[in-house]
Structure formats: C-alpha cells, structure tokens
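Chemist: Starting off with a structure, shown below.
The values are calculated or read from the model by the stated rules, or taken from the named source; none is laboratory data. Bear in mind that the values here come from a model prediction, so they are computed numbers and not experimental data. All Cβ positions, even for glycine, are placed from backbone atoms using ideal geometry, and neighbour counts span all protein chains on display.
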Amino acid sequence: MVVTSQLRTGSVFKVGNDALVVQRILGQKTGRSGMVTRFRVKNIVSGQTSDVALDAGEKFESVDLDIFQMKLSYIDGDTYVFMEQETFEQYEISKEDLGDNAGYISADDDYPIEITFYDGKPVGVTPPILVERTITYCEPGVKGDTSGKTFKPATLDTGIEVSVPLFCDIGTKIKLDTRDGTFVERAK
Amino acid sequence: MTSVLNARDIGERRMDIDILCKVVDNYGDIGFAYRLARSLSELPAPPRLRLVVDDLAAFALLDPAIDSGAAVQLHRGWEVYRWQGDGSGEAAAAFRARRPRIVLECFACGRPDWLEDIIFDPCPKEERLLVDLEHLTAEKYAEELHRMPSLTRSASVKKAMFLPGFGPGTGGLVMDGSFSRSRRRASSEPGRSELRLELLADLGSPAAGAEDRFWICSFSYERDYSRIVADLAAFDALAARGQGRHILVFAAAGKGGDRLAAAWAGAGKPFPLVALPFLPQERWDELLLACDFSIIRGEDSWARAALSGRPFLWQAYPQEGRHQMVKVAAFLERLRPHFAAAAFSALEELYLSFNDRDADGPTVSGRESLPSVLSLHPELLPGFKAFSESLLRNRDLASSLLTFLREIV
C-alpha cells in the first residue's frame, strides 16, 4: 500500500484495475486534519488525465513496476529521449508525461535517472532528490542578503520558474529538491 | 463522476447517509457533526442518517440525551454507533445488513477498520461514495477544493471533497433550525433581553443589573490571561467614568476558561465573571448570540460567531511555524469589505497580535489592543452584521451538501 503523503511526481498507484501516474502536484493545503494535495494524474492505459484532491490518509495499492537507470540523451521538441547505458536502447517519453520532472532534467546532466516502466512502456521518471541547475534569468542579486529567507522568481536552464533567495544572480548554479521544487543551496 | 445511486434512492426512498466523526481535541468536531445531522434532518425529504462517533461522552455533553455507554442507540431518528469495535460488533452487523452508500468523513477523520472492510468489500458490486468534509477555512483553497473529485483504491468507491466556507464558491455554513430561531430572537432588543434573562436564570446572576451589562464570552486556547484580565478591567473602569457599560464576562468550560478564571482571581476579581459549566450546544448558541463581544476558538463556535452578527475575536488553532497567521490573514480579508477603514484597522491589529504566538506563549508584538476594539463596539457592530448577512446569502451547508450529492450520485 502507498499513502497519499508518499506520492510524488512520477509515482504510480492503482485505482481498481487502473494504474495512474502522478504528473503534477498542483498544490497542497495544511489544516488540523492533515494535508490535502491536489494532483494531476494520468491513467496509464486510457491516457486520460484528471485533477484530483487526496487527503493524507487515503491508501492505494502500489503497482508492480520495472525501474531502469538511464540517461537523458536528447530532447526533440516535446519528446525526451532516454538511453539505456548498457544496451543503448532508446525510449521516448513526452514532456506532458514527465510532468513537473521535465523541469529538473537536461541532456547536459551526467547523472542517471530512474525510468519507470509499466507493462513494458515507460510511464514516468524519478530524478535524483537533489539536482543542480543554472539560473538563466532573475532580477539582479542583492549583495549582503545571505539570510535566504526572502525569495524572488528565477528561470532555470530547463525553462521552469522557481523561487530563489535574493542573493542569487543570472548564472548562479543552485541545488533544487525535486520532490517539491524548492531551493536548497547555492551549488559549490 | 458516474452515478453511485439508483434512481429509486433519490425518487422513491430516502437517501441514506452515514456521518463519521472522530473527536480530536475538543468539541468542534462533534459539534459540527451533530449540528450537520440536525440540519440534514430538518430538510424537506431528509436523508436517513447513521452517525459513527468515537467519543460518545463528548457527544453527550452537547446533547445530554445521548447515552455515552451505548454501543448502538436511536436518537432523534438517527442510529448512533460507537466507532470502536471490530467486525463482530453490533455496528459492523448493522452496516453489513444495510450497506453504506454515502459516507461523510468529517474533517478527513478516516474510517473505522470494521467499516473499511465493509466499504471496500467487492461484493456486492454496488457503488459507494465517500465525501471528505473538510475543516472550515477562510483561505482561497476552500473554493479550489470544494466539490473536487478525489480517489480511493477501488473503482467502485468514489470519493469527493466538500468544503465549508465563507464565500459563495464553498459549501457555506450549517444553519440548523435551532440556531436560526435563536438568531432571529436575538436580533430584536426585546428578544435579546428576554434571552439574557433566561440565561441568567439558568447560569446564575453574579452582579446587579447583569442583564444590561456589556457581555463578553471567552472561549480560547490556553494562554497567559493576565494581560486580557488587565485589559478587561481597564475597559470596565471606563464605565465608572460614564463611558460605556460595566462588563460581565463568561469563561467557557475547559482549560482556557480555568486559566482565565485563575488570572481573574489573581487580579483581585476586578469585574464579575461567570465560570460556565459545559453547556449543551443550543444553550451555547444562545449565549453567543446574547453576548456583545466574544473571544472564540474552534470550528463550530467560529462559524456560530461569524453568523451571529456580533463583534468577535477569533483565535486560530496554533500551528507549527505559526501557520495560523495565514489563516487569520485570510479571514481578515473576508471581513474587510464590510467595515469602515478606521474601525477595521484596530480590529485587524487585535486579530494579528492576539494570534501571533506559539501555543501557550506570549504574543510576539505584545500590542493586543483589546480595550480599543471594545470601545469601537458601536462602529464594529454594523460590519459584523453585514458580514453575517453575506454568509446567510450563501446556501446553508446541509442544503448545499444534499444538492451536491444528488448531482453526483
């Protein structure tokens, strides 16, 4: 069984006989009764996507998945092509199916990525928890503000926008937590 | 969402609804569930209700006719079951005999194991619906989550979200008949005076002319009350100088009330105070409606205060990282349009300073401006009335819920 609080982008769980993959985490709210999270999920078989809200206590059956380590070889438009490092076999996953994870990975990355297969078909990826990305645009950095408590929007080399501390500048390399897209620290 | 019920459920016989409630830390959970059950039962073509409650003793405090020792009982036409038990218990037998079709989980309380097995039993094949009835919040997510589909592990067990709230895009607030009648009564001066005299006869009158005093009710989480007592004493002293009325304070039963009474005694009892026994829900409603000002916590009492049309200070449940401030700020934004700027500014400062604290800690700013807000009572009253009237224009929660269920089943 898997509970709602364990679900991440790329997680696969079952509703009846259908396997659903989490494409995006749309938002969370906290209250006395715990977290309610809004997800965009895709039915792996029918291809239908839907937005749902799950409270923290709901339990789901986990799905038997095959997981392989691969590298992102190249991006062709909205298609991400991954290569198995021993067999050199290639697998395509659409940007839509990668969901939020598309914003964390780049063909320039050296590290392997876990590709999840369901019924022989790639359905999602799990990037490392921490990834390094480069800021391509943000407002100029504020010198002296190293508290890291005040944030501003920044665009990364993958095109996504995240919140970064004021001291960051264009070209700054940062570490991101891929579970929720939060800034962790400036990369050394 | 596909149909869960057959046409006969809607047209030919009453809808069956099961309400689940777990009492977490006080009486707001059971208070809401009890009021919702009453309100649903008052509707035209009311549903047939079963309640499953984990703390019948708490329920009995709200409604003394409840037998806290009974595993199964009939009350007000409802079947009431104790949450605790296993698959061989009376509750499980009753739910197997009449299988649940629509289950309301109050505040994401989950389901007892014996009921979980029945709900997810693949035979018979008929579909079931679970509804997560969430906590009251003023935050925008109430509108975002309200009526959203949810999921369970079974394709036969549908699930959906339903959120109470202050805006028209939410499920609204419960307006049961008893509260509505008391509210109407308290809205006229003769009716309110009569109500006050009844309450004083019931609760005891600690001071001469008690019915004409400025009534303040305090129901808050535990805190250091010495500052509040000093503020109330300062406000009371104004009456001696011909400004305003002397006060009469009601301390709600519980740890917060005990500490307020202790601080009051420690300060030399500078004004009359009634340490309340635990009041049944309908009596508590009457007291809130009879008061001039309330300090209010919780779920059900917050909703009652909002609907009362009387000025009040809401204390949000203290959360990790002072997250309650987000909730307070959201509620202030719901209030703001109904007030003149100057009066609202004082109210806002009080709300923020009173809530900006860790559990049982002092306020951060130390600028609780209770006397200035109490002095602004005449200016604040129209704003709170207008706010409550805006809430009344939303449909009441029980009607909205039944409409929602009929739409999706």
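Chemist: Which of the residues spanning the stretch B:52-66 are among the hydrophobic types (A, V, I, L, M, F, W, C) and within 20 Å of the chain's Cα centre (by Cα)? Explain how you work it out, then say what you get.
Modeler: Initially, the stretch B:52-66 is screened for residues among the hydrophobic types (A, V, I, L, M, F, W, C), giving B:52-53, B:56-62, B:65-66.
B:V52, B:V53, B:L56, B:A57, B:A58, B:F59, B:A60, B:L61, B:L62, B:I66, listed by residue number.
Chemist: Ok, one more. Considering each of B:R196, B:R227, B:R245, B:R185 in turn, give the residue that is assigned to a helix (DSSP H, G or I) and closer than 27 Å to B:H338 by Cα. Even if it seems obvious, please write down each step before you answer.
Modeler: Numbers: B:R196 fails: closer than 27 Å to B:H338 by Cα; B:R227 fails: closer than 27 Å to B:H338 by Cα; B:R245 fails: assigned to a helix (DSSP H, G or I).
The unique qualifying residue is B:R185.
Chemist: Could we say that A:M35 is surrounded by fewer than 13 Cβ atoms within 10 Å (Cβ to Cβ), within 14 Å of chain B (Cβ to nearest Cβ) and among the hydrophobic types (A, V, I, L, M, F, W, C) here?
Modeler: no
Chemist: Would you confirm whether any residue within the stretch A:169-178 is under 27 Å from A:Y80 (Cα atoms), basic (K, R) and under 17 Å from the mean Cα position of the chain (by Cα)?
Modeler: Taking the stretch A:169-178 as the starting set, the residues that turn out to be under 27 Å from A:Y80 (Cα atoms) are A:170-178.
The next check asks that each one be basic (K, R); those that pass are A:173, A:175.
With under 17 Å from the mean Cα position of the chain (by Cα) added as a condition, the list becomes A:175.
Checking the stretch A:169-178: at least one residue is under 27 Å from A:Y80 (Cα atoms), basic (K, R) and under 17 Å from the mean Cα position of the chain (by Cα).
Chemist: Okay, next question. I want to confirm something. Restricting to the stretch B:130-179 and keeping residues that are free of Cβ contacts under 8 Å to residues at least 60 places away in the same chain, among the charged types (D, E, K, R) and crowded, with 22+ Cβ neighbours inside 10 Å, which single residue is nearest to B:F331 (Cα to Cα)?
Modeler: Only one residue tops the list, namely B:E134.
Chemist: Restricting the search to the stretch B:259-285, which residues are charged (D, E, K, R), farther than 20 Å from B:N355 by Cα and surrounded by fewer than 23 Cβ atoms within 10 Å (Cβ to Cβ)?
Modeler: If we filter the stretch B:259-285 for residues that are charged (D, E, K, R), which is where we start, we get B:259, B:269, B:282-283, B:285.
The next check asks that each one be farther than 20 Å from B:N355 by Cα; those that pass are B:269, B:282-283, B:285.
Correct list: B:K269, B:E282, B:R283.
Chemist: Answer yes or no: is there a residue in the stretch B:249-264 that is farther than 20 Å from B:E222 by Cβ and not β-branched (V, I, T).
Modeler: Within the stretch B:249-264, not a single residue is farther than 20 Å from B:E222 by Cβ and not β-branched (V, I, T).
Chemist: Among (1) crowded, with 17+ Cβ neighbours inside 10 Å; (2) more than 20 Å from B:L276 (Cα to Cα), where does B:S182 come up short?
Modeler: B:S182 satisfies every listed condition except (2).
Chemist: (1) surrounded by 15 or more Cβ atoms within 10 Å (Cβ to Cβ); (2) more than 21 Å from A:V21 (Cα to Cα); (3) not polar (S, T, N, Q): which one isn't true of A:A107, the others all being true?
Modeler: (1)
Chemist: Something else about it: Report yes if some residue within the stretch A:13-21 is touching a strand residue (DSSP E or B) at 6+ places or on another chain (Cβ under 7 Å) and either within 22 Å of B:E134 (Cα to Cα) or more than 14 Å from chain B (Cβ to nearest Cβ) (or both); otherwise report no.
Modeler: no
Chemist: Which condition number in (1) surrounded by 18 or more Cβ atoms within 10 Å (Cβ to Cβ); (2) over 24 Å from B:A263 (Cα atoms); (3) touching a Gly at 6+ places or on another chain (Cβ under 6 Å) is the one that B:G298 fails?
Modeler: Unmet for B:G298, out of (1) surrounded by 18 or more Cβ atoms within 10 Å (Cβ to Cβ); (2) over 24 Å from B:A263 (Cα atoms); (3) touching a Gly at 6+ places or on another chain (Cβ under 6 Å): (2).
Yes/no matrix, rows are residues, columns are (1) within 12 Å of another protein chain (Cβ to nearest Cβ); (2) in contact (Cβ under 8 Å) with a residue 60 or more places away in the chain; (3) closer than 28 Å to B:C106 by Cα; (4) among the aromatic types (F, W, Y):
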| residue | (1), (2), (3), (4) |
| --- | --- |
| A:Q6 | no, no, yes, no |
| A:T9 | no, yes, no, no |
| A:I25 | no, yes, yes, no |
| A:V41 | yes, no, yes, no |
| A:G47 | no, no, no, no |
| A:V52 | yes, no, yes, no |
| A:L72 | no, no, no, no |
| A:D78 | no, no, no, no |
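Chemist: Of the numbered conditions (1) crowded, with 18+ Cβ neighbours inside 10 Å; (2) without any contact (Cβ under 8 Å) to a residue 24 or more places away in the chain, B:A201 satisfies every one except a single condition; which is it?
Modeler: For B:A201, the failing item is (1).
Chemist: Return the only residue of B:R245, B:R223, B:R241, B:R227 being within 26 Å of the chain's Cα centre (by Cα) and surrounded by fewer than 23 Cβ atoms within 10 Å (Cβ to Cβ).
Modeler: B:R223
Chemist: In addition: Provide a single number: the residues in the stretch B:199-224 that are of a type in the set (S, T, Y) and assigned to a strand (DSSP E or B).
Modeler: Number of matching residues: 1.
Chemist: Residues of the stretch A:94-117 being in contact with an Asp or Glu (Cβ under 8 Å, 6 or more places away or on another chain) and farther than 19 Å from A:I160 by Cα, which ones?
Modeler: A:T116, A:F117
Chemist: Count, please, the residues in the stretch B:384-409 that happen to be of a type in the set (G, A, S) and crowded, with 21+ Cβ neighbours inside 10 Å.
Modeler: Total satisfying the criteria: 1.
Chemist: Kindly indicate the residue of the stretch A:54-64 that is at pLDDT below 90 and surrounded by fewer than 16 Cβ atoms within 10 Å (Cβ to Cβ) and also farthest from the other protein chains (Cβ to nearest Cβ) among those meeting that condition.
Modeler: A:D64
Chemist: Given the conditions (1) in contact (Cβ under 8 Å) with a residue 12 or more places away in the chain; (2) in contact with a strand residue (DSSP E or B) (Cβ under 8 Å, 6 or more places away or on another chain); (3) surrounded by 18 or more Cβ atoms within 10 Å (Cβ to Cβ); (4) not small (G, A, S), and given that B:L61 satisfies all but one, which numbered condition is not satisfied?
Modeler: Condition (2) is where B:L61 drops out.
Chemist: Which of the residues that make up the stretch A:87-122 are in contact with a helix residue (DSSP H, G or I) (Cβ under 7 Å, 6 or more places away or on another chain) and hydrophobic (A, V, I, L, M, F, W, C)?
Modeler: A:A102 - this is the single residue of the stretch A:87-122 that is in contact with a helix residue (DSSP H, G or I) (Cβ under 7 Å, 6 or more places away or on another chain) and hydrophobic (A, V, I, L, M, F, W, C).
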